[in-house]
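The numbers here are math on the coordinates, done by the rules we state, and not lab data. Just so it is clear, the structure is predicted and the values come from calculations on it, not from any experiment. Glycine also receives a Cβ, built like all others from the backbone with ideal geometry; neighbour counts cover every protein chain displayed.
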């Protein structure tokens, strides 16, 4: 697109010397792909959101425009509110508290350990991150299994079904475990950028660990903390892998928004309704992003 | 105010590297002491061990008579100024200076006043509200100093305090630091790799090499009577000439090539015939003449370097190059024949076998330099 703009502004002398026609030819395939797989589905979702389009039945063949009906339905639907509340809990518990705190703690404590220990710990944490969701989900189902699960064997609580008894706690711990690697890596890099001489100056003045963190470390990594929180909040908000563990159940007890959308749109077949919630979710994502970016900007100025 | 005493202090790292090797050193109360040496000699490790940022693996360290070998850095009452100044970028000058006071829970108003006062003393009054990023290198250095001064520690430790300043500012800062230290009277240890800096600023200095102290003494002692070849090479803006020679008959002359030179005053009566030695002579203490004289080495002028008020002449004699400093206006022409003659009173002799200074009376080490406290000079034999 940049090439196009350049050639439009100065057709004879664009930077690459291609000329308008050839520049357009180079850009077109990419634009077509973006259009087909990003722009069109987004617009199509927008359109579906104002129809009563269904997966099956009459409305599948001949959808009717229903205006904002889907949106008002969603906002008054206790199921939707439940999903929204669970999603916020999921983000708060597994991303903001779980991954950030655990990731930082690991990064902080890995500064002063022998290199081999550091490598082993970081590899294990990374492994949880890079394994495919389906494999990880299988491992966790086995881990939490009612009869022969590892956790029950360790705790001696055979017969307790964690996914039924504590579905939200299960997926929060699961997601914390799964996503901590990112925070750990980001904080490791950030902590490396804290000048040792500043920490040592604080130590010489008699600052304890907490004061060193508050006065030296945190001011240096504040930007990283915000960036990290923004990214993992968004990822967690949109994360679908809890579905692989609980499928939103039992009785909607762990039905976060992405799972709720999937259940509404595909399981119940209400594509129009699902599209409307998708758009609401997108708006919430934007809100989170704007909030963090503003915070970041305030800190920098 | 405190003295610093090290007894058999050793710092070995896990990998087997011994950065500081069984060191005995006493720094007197109020002294301005320089640790000088090439990079990797252990001088910074020693400073950090005094600070408590490194743990000594053996030996003990006493500050003002109190054993602090295992005390954490915050309990030693020392302040350190780092090479990069280590100012906190998110705090303004006042907050930076007051930081140690804040950690010591001094009330806010009191520490602000204290920071103002200390800052004013260092000419920082106009800058108190600025952030470190808005200051020049010299100003940042003064803020770092003010932070160290404000809480009145017993000892100052400076790690290469001047090396981040440009050449001119470095000279100013040198004078400034020396005066400041004298005014405050706080025992100060500073680390430098720049011999000129150590000579100019220190009351006493230690020259270090691979974890050992090679010589301790006043700058004058170290400059005039380096105890071994390493120190001789390291000290001096222009390196000392070390001319291989053989002791002549009855130990009464030094033979270089086929020329016979008189034995320097400092080594008279100490040499045995046929011994291999190095004749050490600083370029500043080497004369150049255009006419032949007794005991002078003949050669040709190869290079002339202008040093401002003086010039450095390199005379090639055989395979040897001997350098001499001559006053401006007296430089010989390049290619001309010249005779170089080490000044007999100032020249030194080192044994080739152990690299040590040949000295008439080892205890009388203040011979060439005018050192009032000659007894404090310690010569440490190299292994």
Given a Förster distance of 45 angstrom, what is the FRET efficiency for residue A:26 paired with residue A:189, based on the Cβ-Cβ distance and rounded to 0.05?
0.80
Ordering of B:152-160, A:22-30 by packing [mean C-beta count within 10 Å, highest first]:
B:152-160, A:22-30
Those residues of the range A:219-245 whose amide nitrogen sits under 15 Å from the label point placed on residue A:97, 7 Å along Cα→Cβ:
none
Subtract the Cα-Cα distance of residue A:227 and residue A:109 from 0.36 nm times their separation in residues, and report this length gain in nm to one decimal.
40.4 nm
So the FRET efficiency between residue B:200 and residue B:39, C-beta based with R0 = 25 Å and rounded to 0.05, is 0.80
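Could you tell me how many cubic angstrom of Cα convex hull volume the range A:87-190 has per residue? Intermediate results must be reported in sequence, preceding the final value.
Details: hull volume 11.7 nm³, N = 104.
That works out to 112 Å³ per residue.
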Mind checking which of A:246, A:201, A:119 has the largest fluctuation in a GNM of chain A, springs on alpha carbons under 10 Å?
A:201
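If you wrap the protein assembly as shown's Cα atoms in a convex hull and average its projection over all directions, what's the area in nm²? Don't skip to the answer; put the middle values down first.
Working: hull surface 193.6 nm².
Over all viewing directions, the protein assembly as shown projects a mean Cα-hull area of 48.4 nm².
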Inter-part distance where the range B:5-34 and the range A:226-301 are each reduced to a Cα centre, Å:
60 Å
The Cα radius of gyration of the range A:130-213, divided by 2.2 N^0.38 Å with N its residue count, comes to 1.70
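Run the numbers for residue B:352 and residue B:268: contour at 0.36 nm per residue of separation, minus the present Cα-Cα distance, in nm.
Numbers: separation 84, 0.36 × 84 = 30.24 nm, distance 1.70 nm.
This chain segment gains 28.5 nm when fully extended.
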Helix-derived mean residue ellipticity, 222 nm - over chain A, DSSP H n ≥ 4, -39500 (n - 2.57), to 500:
-20500 deg cm²/dmol
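Report the relative contact order of chain B, percent, no decimals, based on alpha-carbon pairs under 8 angstrom and at least 6 residues apart. Let's see the in-between values first.
Numbers: 847 pairs, mean separation 58.9, N = 383.
Computed value for chain B: 15 percent relative contact order.
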B:97, B:243 arranged by Cβ crowding within 10 Å, fewest neighbours leading
B:243, B:97
Apply 1/(1 + (r/R0)^6) to the Cβ-Cβ distance of residue A:68 and residue A:282, taking R0 = 22 Å, and write down the FRET efficiency to the nearest 0.05.
0.85
Evaluate the distance, in nm, between pseudo-label points positioned 7 Å from the Cα of residue B:58 and of residue B:17 along their respective Cα→Cβ axes.
1.9 nm
Could you give the distance between the Cα centres of the range B:107-155 and the range A:128-178, to the whole Å?
56 Å
With no solvent and one equal point scatterer placed on each C-alpha of chain A, evaluate the Debye formula and give log10 I(q)/I(0) for q = 0.07, 0.11, 0.15 Å⁻¹, two decimals.
-0.42, -0.91, -1.20
For chain B, what size does the Cα cloud have along each of its three principal axes, sorted from largest down, in whole Å?
77, 46, 40
